[in-house]
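Below: the structure, in structure tokens.
The values are calculated or read from the model by the stated rules, or taken from the named source; none is laboratory data. Everything numeric here is computed off the predicted structure, so don't read it as measured data. Heads up, the Cβs are rebuilt from the backbone with ideal geometry, glycines too, and the neighbour counts pull from every protein chain shown. Ligands, DNA and RNA are stripped out before the accessible areas are found, and what is left, the full protein with its side chains, is counted by its heavy atoms. Shrake-Rupley method; radii C 1.70, N 1.55, O 1.52, S 1.80 Å.
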Amino acid sequence: MATPKSRSRDGYPGRALALILVVTVGLVALMFGTGYTKPRLGIDLAGGTSVTLTAKSDDPSAINKANLDTAVGIIQKRVNGMGVSEAEVQTQGNSNIIVNIPDGGNTQESIDKVGDTAKLYFRPVLAVAPTGVSAQPQPQQSGEPSSAPSGSASPEASGSASAPASPSPSASKAGRALSGALQADPTAAASTSASAPAASGSPAPSADASAPASAADVSAALTQGTVPAELQQQFAALDCSVKEQRHNYQGTDPSAPAVACSYDAENSIWYKFALGGVSVNGQDVTKAQAAYDTQSAKGWMVDLSFNDAGSKAFASTTGKLATQPAPANQFAIVLDGQVVSHPYVNEAITGGSAIISGTFTQADAKSLGNVLSYGALPLDFVKSDVTTVSPQLGSEQLKAGLIAGLIGMVLVVIYSLVYYRGLGLISIAGLVVSAILTWSIMSLLGAGVGFALNLPAVCGAIVAIGITADSFIVYFERIRDEVREGAQLRPAVQRAWPRARRTILVSDFVSFLCAAVLYLVSVGKVQGFAFTLGLTTLLDVVVIFLFTKPLITLLARTKFFASGHPWSGLDPKRLGARPPIRGTRRRPAPSQQTQEV
């Protein structure tokens, strides 16, 4: 039985072991309690797509950390708004943003939309015409006026407005009503749009049998509105049905008129627009979210709010548009040079809020709300690289990483048992504790801060096996050195600890410092390696101080280890220990003898 003096000399190993046991059990319980029982996997292991967006600007000073961080936040919100879970958005270098989208049913749609998240503008429509229509146009349905845009225009009594939505930036259902809070004749507004074409933001093609056959002539004949003189040549030549011509024509001057394209997915027709200068900047939108109107027949709609500057500009522009004939009464919402939606206006909309309504689904309303909320970025971006990893390839890479880790663990276990015998069991127990802590923390970090385990991170965890085993070896060899000098096991354990502790701390400090520097200066997946290496290095210190050392202290009191059993790994004969010299006392140095005399 240990005396109080021996317990003071040995410390209180039971307390340290109890502490790490409580921490380990607590982390495991939290992991199972939250349901996050495994680490979140990165794109290279789970499959998915990595998109690299490169910032472009006429002003090089605009490409700075503040604008990149702002863009990251906006893109992250927009990607999440698309329903993509566990997507990652982070900066890389001085001008790139990396967007990692996990594999899923809407991956391609998400990639396309991420590439379209540039600048959002509200522009008045000057003219609109179909493109790529070379044959006899489809006749109108009976009773359809050729000048009426589509959609529902029932009024709002809440001070908001109503208009159309588009399922995506490239598939616009435009021309629905945009009405203000104080509508003089809501019945007239509703009847005006109720009989319009279902999805076209432009007037329906005429049923005249003598319509010209060429695409250019048909487009010219069906053009409605007035094209500004400076855009006439560009507008006439533009054919949005040709992919190569669907560019961002907005230019660097937002106040200048421009042309743009929009796609009517339901009728499979591309439309071209002549647009006036920017009236409202997308950055003036403070909120846009999908909502369902339960008090009227409007169905799904989008609540829209502006800041002070946007409210004034929006009220002024809608007041002017409300007095114009179609299509000059339409307000185009332009994202990255493409018309997302072009609702028409019945009256001036004041108060800084509006409601975009029409015959669109929840997905339509949600998509348009995301565009309005997260579409305005401080910089222009182009997709410089798109890398896709299939789930099969990711699974194979994960399997290879796990096999490599398992091989490393087995080799360490075999070496520990062959060379250290009984002490090897202690090192194995320490590796198990370290593995449990690492797994639990990574699982919880994936849920809490979005940490994703990628292939370099797996490599960092494999390297950590060697770091943890090295700490055990340092301590074991220090104990063996003391036993070789003839010391009993319990004092050998205590005398060996200060020297081993110093070596372990220095070694772990260097490893952690390297991991920290690598994490700060690296980008992308390399940071996963650095983070895992740093985390496991810290856990190595915790395990060696709170588990390994206290456990050895307790085992040194047992007969199996204290007597130097051949299978304990501390057999004095096997270690070549010098037998203690009894009955003699070390003679003092000559100088000490002189002083005593």
Quiz item: Extent of segment 463-532 along each principal axis, from alpha carbon coordinates, in Å, largest to smallest?
Solution: 53, 18, 13
Quiz item: Just the accessible area per residue of segment 365-460, please: how many Å² with a 1.4 Å probe?
Solution: 44
Exercise. May I ask you to give the solvent-accessible area per residue for segment 475-543, in square angstrom, as obtained with a 1.4 angstrom probe?
Key: 47
Quiz item: Once the piece of chain linking Q224 and V23 is laid out straight, how much longer is it, given 0.36 nm per residue of separation minus the C-alpha distance between them?
Solution: 65.1 nm
Exercise. Express the carbon and sulfur contribution to the solvent-accessible surface of segment 443-484 as a percent, rounded to the nearest whole number, probe 1.4 angstrom.
Key: 66
Quiz item: Counting only protein chains, not ligands or nucleic acids, how are Y249, Y271 ordered by accessible area (probe 1.4 Å), most first?
Solution: Y249, Y271
Exercise. In nm, give the distance between the simple-model label positions of Y415 and S255, each being 7 Å from the Cα along the Cα-to-Cβ direction.
Key: 7.2
Exercise. Set the Förster radius R0 to 60 Å, insert the Cβ-Cβ distance between E485 and S395 as r into 1/(1 + (r/R0)^6), and round the FRET efficiency to 0.05.
Key: 0.65
Practice problem: Please state, as a whole number in µm²/s, the translational diffusion coefficient that the Stokes-Einstein equation yields for segment 380-444 at 25 °C and 0.890 mPa s, with Rh defined as the Kirkwood radius across alpha carbon pairs. | Solution: 164
Quiz prompt | Among V510, I552, P491 - extreme Cα towards positive end, dipole of segment 476-561, charges at beta-carbon | solution = P491
Exercise. Mind grabbing the base-10 log of I(q)/I(0) for segment 332-468 at q = 0.15, 0.16 Å⁻¹? Debye formula, identical points on the C-alpha positions, no solvent, two decimal places.
Key: -0.92, -0.99
Quiz item: Considering only the other residues whose Cβ falls under 14 Å of the Cβ of S440, what net charge follows from Lys and Arg at +1 and Asp and Glu at -1?
Solution: +2
Quiz item: Quick one: length gained pulling D470 to A363 fully straight, 0.36 nm per residue minus the C-alpha distance?
Solution: 32.9 nm
Quiz item: Within segment 466-480, whose backbone N sits under 15 Å from a point 7 Å along Cα→Cβ of R502?
Solution: 475, 478-479
Quiz item: If you place +1 on the Cβ of every Lys and Arg, -1 on the Cβ of every Asp and Glu, and leave all else neutral, what size is the dipole of segment 282-429 about its Cα centre, to the nearest 20 Debye?
Solution: 420
Quiz item: For segment 246-277 and segment 517-552, what is the separation of their Cα centres, given in Å?
Solution: 53
Quiz prompt | Accessible carbon and sulfur surface of segment 277-367 relative to its total accessible area, %, 1.4 Å | solution = 47
Quiz prompt | Dipole moment magnitude, nearest 20 debye, segment 222-338 about Cα centre, only Lys, Arg, Asp, Glu C-beta charged | solution = 160
